[in-house]
Amino acid sequence: MENSRRISSEQLLLQLHEPMLTMKSSPISSELEDTLSNPDIPFFQRLKSATSIELNTLFRLAGPTVVVYLLNNVTSMSTQIFCGHLGNLQLAAASLGNTGIQVFAYGLMLGMGSAVETLCGQAYGAHKYGMLGIYLQRSTILLMATGIPLTIIYAFSKPILLGLGESEEIASAAALFVYGLIPQIFAYAANFPIQKFLQAQSIVFPSAYISAGTLVVHLVLSWVLIYKLGWGLIGASLMLSFSWWIVVVAQFVYILMSDKCKLTWNGFSLEAFSGLWEFFKLSIASAVMLCLETWYYQILVLIAGLLKNAEIALDSLSVCMTISGWVFMIAVGFNAAASVRVGNEIGAGHPKSASFAVVIVTLSSFLISLVFAILVLVLRHVISYAFTDGVTVANAVSDLTPFLAVSIILNGIQPVLSGVAVGCGWQAFVAYVNVGCYYIIGIPLGALLGFTFNLGAKGIWTGMICGTLIQTIILLWVTFRTDWNKEVEKAKTRLDKWSDQ
């Protein structure tokens, strides 16, 4: 352990890549590469067989992950629905607090927790089972510490919102909602390391069952607190925080009780407090790419609060972005699958399989998002009534639906390409692309169209779409022009480097 404390975060990540690179290919992976490389099989027969193999592998990876993220998203979304039926002000407050403030913590915590996904996944593959529990504890310590400054931000949310130009009425209501989300910060700090710890061992279905049960409890108790006991906004946010803690406690109890975790969880250890600085640097590096993206949407919601008739603009934009978030959760599952498939195939020395996996995962996610986009367009006049009874908001949502449909399609492609980038080790490159497309193009363009050209929410969303579209085009161009043989060679070079250490 002393040596591991002295190496850099980059070396730590590369060292843990070694087991993956030296690992023998799985039968499915070898079968796919053999099928694609066999000239004796007719092309269309090769294509059919390879597609069948890859789809089976892909959906086995993506399916359970999609379920977990969707259920968690529905739990959060249901809180906005309850608040929306209290009135337009309450919906605007919950939207600003949940989408404009809370997403800040969500993106940071999820991004930092992603370091556990990398380290635990590869330690498990290397049969270093005891290290999974150490990584889990180490990440939880760091995320809990990160929760302290986030708590201060939440506590001063009202003056922050007022300083950003939000109205007194909306800022006061949103701050009340945010105060109830403070316990949720620390639930995130515990949940994401636990979630990644379990995913690294392909233990996903228990998390799905826990999330489903929590959703039922959340719906019942939210109805009681908000409507029967009259707790309003504060009751809604406190219940949301409580529900996340139910997930955390239930998953941790599963770790303690399940035979599947006996090798990977050996109890609490003081070793978790060692090497925290290197782990922190690795966690921050993992968070940058994701935060740049989640904060992009958060900033756009905050900008919408500065528009004339901000309440309607926030309501309509938040309803559309909540719906878009559903489809985005599906894409997150394909993001994880893309990362695993590409990383495994490159490490196994299978350039054709890696390239083919990229095509299949991208097309699969695109087709699913296209179906949802069409469905949204068909239901454009009624879809908002699930969130609010207001006719004005419903009409505003209907006007934004074409923008929503385009965003859904883009969100079916872009996260998958980000997953490919993670599998190839292009995180730094994608971070630069995100800065340019989102913060140099998307946000300024949205503000220009929304305010200078008086296009309101449509202008803001147009800027968002342009930024995402340019980013998607760049990632498509880079991905499909990639020399996968060179990517395999890079992996071999990395392995040779660490063989000399």
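Things to note:
- In this label model, GLU169 and ASP34 are separated by 7.0 nm, measuring between points 7 Å along each Cα→Cβ vector.
- Carbon/sulfur fraction of accessible area - the range 64-273, other protein chains in place, 1.4 Å, %: 73
- Accessible area in square angstrom per residue, the chain, 1.4 angstrom probe: 41
- Calculated FRET efficiency for the pair ILE374/SER52, C-beta based, R₀ 22 Å, to 0.05: 0.25
- Put a plus charge on the Cβ of each Lys and Arg, a minus charge on the Cβ of each Asp and Glu, and nothing anywhere else: the dipole of the chain about its Cα centre is then about 320 debye.
- Residue order for MET257, MET239 - accessible surface, 1.4 angstrom probe, largest first: MET257, MET239
- Other residues within the sphere of radius under 14 Å centred on the Cβ of LEU417, judged by their own Cβ, net out at +1 (K and R +1, D and E -1).
- The apolar share of the surface of the range 275-500, taken as the fraction of accessible area on carbon and sulfur atoms (1.4 Å probe, ligands and nucleic acids excluded), comes to 70 percent.
- With eigenvalues of the C-alpha gyration tensor scaled by 5 and rooted, the range 64-273, Å: 33, 19, 12
- With contacts taken as Cα pairs under 8 Å and at least 6 residues apart, the chain reaches a relative contact order of 22 percent.
- Estimated D of the range 275-500 in µm² per second, where Rh is the Kirkwood radius over Cα pairs and Stokes-Einstein applies at 20 °C, 1.002 mPa s: 114
- Relative to the longest principal axis of the Cα atoms of the chain, helix 43-84 runs at roughly 30 degrees.
- For the range 341-411, relative contact order (Cα pairs under 8 Å, six or more residues apart, normalised by length) works out to 30 percent.
- Net charge of the neighbourhood of TRP426, taken over other residues with C-beta under 12 Å away and scored Lys/Arg +1, Asp/Glu -1, is 0.
- Intensity falloff of the chain expressed as log10 I(q)/I(0), Debye formula with alpha-carbon point scatterers, at q = 0.07 Å⁻¹: -0.38
- Per-residue ellipticity at 222 nm, computed for the chain from helices alone with -39500 (n - 2.57) per DSSP H run of at least four residues, works out to -27000 deg cm²/dmol.
- Applying 0.36 nm per residue to the separation of ASP389 and LEU229 and subtracting their alpha-carbon distance, the gain on full extension is 55.4 nm.
- Dipole axis of the range 275-500 (+1 Lys, Arg; -1 Asp, Glu on Cβ), positive-most option in THR472, CYS424, ILE368: CYS424
- Computed from Cα atoms, the angle from the helix 168-179 axis to the main principal axis of the chain rounds to 40 degrees.
- Point-to-point label distance, GLU489-LEU162, nm (Cα→Cβ direction, 7 Å offset): 6.2
- Given +1 at the Cβ of Lys and Arg, -1 at the Cβ of Asp and Glu and no other charges, the dipole of the range 275-500 around its Cα centre is 360 debye to the nearest 20.
- Net charge of Cβ neighbours under 9 Å - reference ILE360; Lys, Arg +1; Asp, Glu -1: 0
- When each of LYS196/LYS490; LYS196/LYS260; LYS48/LYS486; LYS308/LYS458; LYS48/LYS352 is checked by Cα-Cα distance, pairs over 19 Å: LYS196/LYS490; LYS48/LYS486
The values are calculated or read from the model by the stated rules, or taken from the named source; none is laboratory data. Just so we're clear, the structure is a prediction, and the values are computed from it rather than from any experiment. Using ideal geometry, Cβ is built from the backbone for each residue, glycine included, and neighbour counts are taken over all protein chains shown. Each accessible area value is taken on the protein alone, full model and side chains, heavy atoms only, with ligands, DNA and RNA left out. Shrake-Rupley method; radii C 1.70, N 1.55, O 1.52, S 1.80 Å.
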